[in-house]
Amino acid sequence: MGYPKFEPIRDVIAGTIMAATSVPQLIAYSETVGVAGYRGLATAGPTLLAWGLSTGSPYMNSGVTSITALMCKTDLDGESYVAENSEEEYVKLVAAYSLYIGIASMLLAVVGFGKLAKSVPKPVKTGFKWGCSIGVLVGAVPNGLFAKGSKELKSHVAASYLSEILKSIKENFPAATGINTVLTFFYGVSRPELWSIIPTIIFISGTFFVMKGKSFLPKAFPPGTEVIIVTAAATIFSMNYDYPGGVVGEIPATDPDAGFSFLNGTIKIPIEILDLKELVTEVPIVERFGSWLMLIISATLFAGVNFLSIMGIASGFEADDNIPWSAPRELIAQGISNIAAAAVGSAPVSGSMSRSLVSRMAGTTSQMACLVTAMIWIYLLPYMGIMTPTPKAALSSIIVSAVVKSVCIPKDLVKLKGMDALIGWFTGILTAFTSPTIGFGGGLIFYTALLPFTSKPKQKEE
């Protein structure tokens with residue numbers, strides 16, 4: 001098949017479909033990072049614009065994903081930073097991290113990391129993906145079951161027997177941040193008497209419809225329609241009734257003087273830009289990691305893990321559609337889009353499998369579709385106030401529907417045998433109980449340590 005024939009009208013249609021169906025995800029993943037949902041809307045356009053101008057893939061889409069959101073929040077210990085400082089300061093910290101990840105991505109491209117990435121053992125990748133999915137699930141569920149989300153759940157935990165256990169874990173195993181979240185999750189789901197009734201109904205019904213809605217809807221409807229229906233229905237309910245749960249909240253107006261102007265002001269792109277110099281010189285990100293060395297290691301690992309997602313998507317399109325791809329170019333595209341993310345205050349971005357597949361199904365023929373989507377998000381941001389009353393429970397249902405099946409039924413992990421199974425489960429559990437960065441690095445170390453005891457050849461990629 002190869003590259004599709006360029007058809008701009010199809011790209012405009014596909015880009016518009018992508019813009020509409022992805023909005024709920026933008027808000028949901030922003031909440032996962034630990035910042036206000038509207039920030040996902042405000043920052044998605046510029047990062048996708050940078051991606052569309054630099055990638056070589058006609059289909060691949062990028063943005064903040066469930067994994068990049070979780071890794072960012074975990075690496076930076078986002079909740080405690082917001083509690084100690086403010087959300088505005090946390091946004092700057094996140095942006096600074098995106099900047100260093102962008103720089104690391106470009107350096108990895110220069111040293112030829114693309115070839116090395118292809119040799120990452122399958123059991124490590126499989127376990128890592130499962131562990132990250134657990135982290136996404138346990139982080140999203142509280143907003144679905146409790147009116148005030150994780151804050152309300154933590155207040156219940158603080159008054160229970162679990163409080164002392166979590167305190168002991170934090171004191172003795174400070175790196176095991178994930179296990180506290182996992183234990184808090186199990187406490188919350190095992191106490192239905194504490195759940196908020198209306199948010200829970202929206203959450204459970206929304207999750208069911210997003211997962212099963214395709215079988216109810218006409219086949220002519222574009223992919224992602226079920227997500228729009230759940231979000232719209234919950235928003236209408238919240239607007240007309242006294243909804244007791246958390247909502248997206250007010251979306252601030254864009255600074256009318258912000259952005260770039262071309263042709264003497266005839267064309268203006270309204271983007272608010274952060275001060276990159278401030279991100280480098282004033283944001284205490286080095287102190288957050290303890291040293292420059294730890295920041296460099298974390299940013300490099302993050303960039304490497306990010307690229308595994310891009311590599312998987314690009315390799316899939318190469319196998320299915322015979323579309324060749326260049327590892328150095330996509331690494332540079334990852335770097336450019338993350339530097340753009342830093343400039344607008346976004347969490348790190350990576351290739352999005354779900355959005356890329358939807359893009360192909362919608363009839364995309366070139367990178368122009370990405371640019372159309374990005375410009376729609378940028379120019380329609382002032383009209384996104386319609387999302388202000390959207391319940392967070394509905395957004396949580398979107399996130400949970402994407403990962404709950406793979407968490408409960410880890411088919412790829414179960415397929416692993418012998419030492420591969422041991423490595424996969426070890427990596428997954430370590431990722432879920434500590435952090436994605438520690439889990440991935442620990443999985444590679446464990447794999448290397450077991451190499452002398454591995455008698456059979458490495459399992460082939462499926």
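The values are calculated or read from the model by the stated rules, or taken from the named source; none is laboratory data. Source: prediction; values computed, not measured. Heads up, the Cβs are rebuilt from the backbone with ideal geometry, glycines too, and the neighbour counts pull from every protein chain shown. SASA here: full protein model, heavy atoms, side chains in, ligands and nucleic acids out. Shrake-Rupley method; radii C 1.70, N 1.55, O 1.52, S 1.80 Å.
Using only Cα atoms, figure out Rg for region 332-380 and give it as a multiple of 2.2 N^0.38 Å.
Ratio of Cα Rg to 2.2 N^0.38 Å: 1.23.
Of all the stretches in the chain, which is the longest one without any exposed loop site, taking trypsin sites (Lys or Arg not before Pro) in a DSSP loop (any state but H, G, I, E, B) with at most 15 other Cβ atoms within 10 Å?
So the longest stretch without any such site is 220-416.
Tell me the per residue accessible area of the chain using a 1.4 Å probe; a whole number in Å² is fine.
Value returned for the chain: 46 Å² of accessible area per residue.
Grab the other residues whose beta carbon is less than 12 angstrom from that of residue 73, score K and R as +1, D and E as -1, and report the net.
Its environment carries a net charge of -4.
Lys/Arg Cβ at +1, Asp/Glu Cβ at -1, dipole of the chain taken about the Cα centre: which of 124, 389, 38 is farthest positive-ward?
It is 124.
What nm value, rounded to one decimal, do you get for the distance between residue 291 and residue 445 when each label is placed 7 Å out toward the C-beta?
1.4 nm
Assign unit charges at the C-beta atoms only (+1 for Lys and Arg, -1 for Asp and Glu), then state the dipole size of the chain relative to its Cα centre in Debye, rounded to the nearest 20.
Roughly 1600 debye for the chain.
Mind listing which chymotrypsin sites (Phe, Trp or Tyr not before Pro) in region 155-244 are in a DSSP loop and have 14 or fewer other Cβ atoms within 10 Å?
Here the chymotrypsin sites (Phe, Trp or Tyr not before Pro) that fit, given the DSSP loop and packing criteria, are 161, 216, 241.
Students often get this wrong: which residues of region 19-49 have the backbone nitrogen under 18 Å from the point 7 angstrom along Cα-to-C-beta of residue 268?
What the label zone holds, given the 18 Å backbone N cut-off, is 46.
If you roll a 1.4 angstrom probe over the protein chains with everything in place, what fraction of the accessible area of region 69-136 belongs to carbon and sulfur, to the nearest %?
The value for region 69-136 is 62 percent carbon and sulfur by accessible area.
Mind checking the full-extension length gain between residue 151 and residue 220? Use 0.36 nm per residue of separation minus the Cα-Cα distance, one decimal, nm.
Length difference between fully extended and current span is 20.7 nm.
From the backbone phi of region 396-405, what are the Karplus-calculated ³J(HN,Hα) couplings (6.51 cos²θ - 1.76 cosθ + 1.60, θ = phi - 60°) in whole Hz, Gly and Pro given as x?
Here the 3J(HN,Hα) series is 5, 5, 5, 5, 4, 4, 7, 10, 4, 5 Hz.
What is the local net charge at residue 428, summed over the other residues whose Cβ is closer than 15 Å to its Cβ (Lys, Arg +1; Asp, Glu -1)?
So the environment of residue 428 carries a net charge of +3.
In nm, what is the difference between 0.36 nm times the number of residues separating residue 167 and residue 191 and their Cα-Cα distance?
In short, 6.6 nm is gained.
Classify region 348-442 as rounded, prolate or oblate from the Cα gyration tensor: take a ≥ b ≥ c as the square roots of its eigenvalues, call it rounded if a/c is under 1.5, otherwise prolate when a/b beats b/c and oblate if not.
Taking the square roots of the gyration eigenvalues as a ≥ b ≥ c, region 348-442 is prolate.
Extension gain residue 176-residue 6, at 0.36 nm per residue separation less the Cα-Cα distance, in nm?
56.2 nm
How big is the dipole moment of region 1-138 about its Cα centre under a simple scheme where the beta carbon of each Lys and Arg is +1, that of each Asp and Glu is -1, and everything else is neutral? Debye, nearest 20, please.
Computed about the Cα centre, the dipole is about 840 debye.
Determine ³J(HN,Hα), in whole Hz, for all residues of region 62-67 in sequence, where each value follows from phi through the Karplus function 6.51 cos²θ - 1.76 cosθ + 1.60 and θ = phi - 60°; x replaces Gly and Pro.
10, x, 5, 10, 4, 6
Between residue 380 and residue 320, with labels modelled 7 Å along Cα→Cβ, what's the label distance in nm to one decimal, could you check?
Using points 7 Å along Cα→Cβ, the separation is 2.4 nm.
Regarding region 132-201, what are the three Cα extents along the principal axes, ordered largest first, in Å?
Cα extents, longest axis first: 39, 28, 17 Å.
Using the structure shown, list the pairs from 122/214; 92/277; 73/268; 73/170 with a Cα-Cα distance above 23 Å, or answer none.
Checking Cα-Cα distances, 122/214; 73/268 exceed 23 Å.
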